[in-house]
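What follows is a short report on a single structure.
Just so you know, all these numbers are worked out from the coordinates, no wet-lab data involved. All of these numbers come straight from a predicted model, not from anything done at the bench. Cβ coordinates were reconstructed from backbone atoms using ideal geometry, including for glycine residues, and neighbour counts include every protein chain displayed.
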Amino acid sequence: MLKDVEQQMEIIKRGTVEIIPEDELEQKIRRAITTGKPLRIKLGLDPTAPDIHLGHTVVLQKMRQFQELGHEVIIILGDFTARIGDPTGKTETRPQLSEEEIQANARTYERQIFKILDPARTKLVFNSQWLAPLTFAQVIELAAKYTVARMLEREDFSRRFKEGLPISIHEFFYPLMQGYDSVALKADVEVGGTDQKFNLLMGRTLQKEYGQEPQIALTMPILEGLDGAQKMSKSLGNYIGIDEPPREMYGKTMSIPDELMLRYFELVTPVSLAELREISAGMAEGRLHPRDVKMRLAREIVAFYHNEQAAYEAEKEFVRVFQQHELPEEIPEFAIASQMLENGSIWLPKLMFLAGLVPSTSEGRRLIQQGAVKVDGLKIDDPAYNLVPADGMIIRSGKRRFVRLKVGVES
């Protein structure tokens, strides 16, 4: 163990919402220090999406802190639980993923997880190892350890039941399966988001039922996205992907509301607690300008997922484009074939979609209506605008996306 109980607890409590119960965690740490046997820290991730964004890394950063304190970190890729899908917060039964989708997502997760955790000190397991071999008799035995009444105490199940919305029987098995993961691993601590509290406490309950010492449930907050209001989500478009290019990552970070800066520092960067206190005090006393603090935050995030040089280059580009109002040094080209044109022109939202500036023509219309689209520096505010393209013309979408047109190419 690297630190005493008080020092470990200070680091572990960083950014946490709840530690249930805190006194038991202190006892476990004290015993680990005395015996030299590290705690087993569990985090379950269902590979239900193909990639990870910054919101997902809040729990991974906590696991990294446990790892740096000398404890054993175990990541469960829930290939078996993903077949059900976590019903937490859902108003309807989730569609079940195919085995191929789960395995493809799991491979992506595995690569991305090790951008945060030390692979040499991380145990990566699939919960199909112990869940798939269970006999039907064993599943019945597991189900007998929890009541329907207690299951319906869950907010999402309770709401759906009261509203007459369907709840499939297999959804009740999700928290039982996640809890059984803790039994299989003899976990000392399980980390999860605040939305996972019920599932984490299920682990404590089942461990007691199976004669084990119950795990500690440690919950982390849900990170707000770039809009500062809703949780970070790819579907909402308010996310920072950890595989995104440095310039995109830097620019997105610079767009978060000022009031979220310290929260991002605390939850998704390795900046020390002492530095965090200094940054907080500097802003409160007016010694640090919010813009400079946010640039530090953007550098920290880019450097963590890329490197220091990439962070420096991204910052230099940001200053050039957004503070000095110059064009980026590198602008991707989009070739327009004559077949794309009607009477020599093309509907601007369609062009933006084809060029990859927006995910849909409706998003292109929305950005134009917001005044966020420029053609050769001129703002376009008519969503019905038909553009007559010219070679070298530059389309700018929002703050960070540019494309240079190449005209006259035949496909």
For GLU6 and LYS379, extending 7 Å from Cα along the Cα-Cβ vector and measuring point to point gives, in nm, a value of 5.7 nm
Counting only residues 5 or more apart in sequence or on a different chain, those whose built amide H sits under 5 Å from that of VAL407 are ILE336, ASP391, GLY392
Taking the chain as a Gaussian network, Cα atoms linked when under 10 Å apart, which of GLU329, GLU300, GLU101 shows the biggest mean-square fluctuation?
-> GLU329
What's the center-to-center distance, using Cα atoms, between region 291-328 and region 151-195 in Å?
-> 42 Å
Non-local residues with an amide H under 5 Å from the amide H of GLY193, with H modelled 1.01 Å from N and Pro and chain starts lacking one, are MET220
Among ALA187, ALA384, ALA104: highest mean-square fluctuation, GNM of the chain, C-alpha pairs under 10 Å = ALA384
Interchain or long-range residues, amide H under 5 Å from LEU387's placed H = ILE346, TRP347, LEU348
Ordering 343-349, 332-338 by per-residue average of other C-beta atoms within 10 angstrom, highest first, gives 343-349, 332-338
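Going down the table (LYS234/LYS374; LYS42/LYS399; LYS115/LYS252; LYS231/LYS406; LYS13/LYS399), which pairs top 31 Å between alpha carbons? It would help to have the intermediate numbers written out before the result.
Working: LYS234/LYS374 25 Å; LYS42/LYS399 40 Å; LYS115/LYS252 19 Å; LYS231/LYS406 39 Å; LYS13/LYS399 37 Å.
From LYS234/LYS374; LYS42/LYS399; LYS115/LYS252; LYS231/LYS406; LYS13/LYS399, over 31 Å: LYS42/LYS399; LYS231/LYS406; LYS13/LYS399.
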Peptides 230-239, 195-204: what's the order by average Cβ count within 10 Å, highest mean first?
-> 195-204, 230-239
Per-pair calculated FRET efficiency, R0 = 41 Å: GLU101 and ALA390 via Cβ, rounded to 0.05 | 0.40
Value of [θ]222 nm, deg cm²/dmol, for the chain, DSSP H segments ≥ 4, -39500 (n - 2.57) each, nearest 500 = -12500 deg cm²/dmol
D for region 333-407, whole µm²/s, Stokes-Einstein with Kirkwood Rh over alpha-carbon pairs at 20 °C and 1.002 mPa s: what number?
-> 180 µm²/s
Would you list LEU165, LEU218, LEU142 from fewest to most Cβ contacts within 10 Å?
-> LEU165, LEU142, LEU218
Charged-residue dipole, Cβ positions (Lys, Arg, Asp, Glu), the chain about Cα centre, Debye nearest 20 | 260 debye
How many percent of all Cα-Cα pairs in region 200-296 sit more than 20 Å apart?
-> 52 percent
Which residue fluctuates the most in the chain, going by a Gaussian network model with Cα springs under 10 Å, if the choices are TYR109, TYR385, TYR312?
-> TYR385
Karplus 3J(HN,Hα) series, Hz, for region 145-151 with 6.51 cos²θ - 1.76 cosθ + 1.60 (x for Gly, Pro) | 8, 8, 9, 5, 4, 5, 5
Taking the alpha-carbon centre of each part, the distance from region 1-33 to region 242-269 in Å is 28 Å
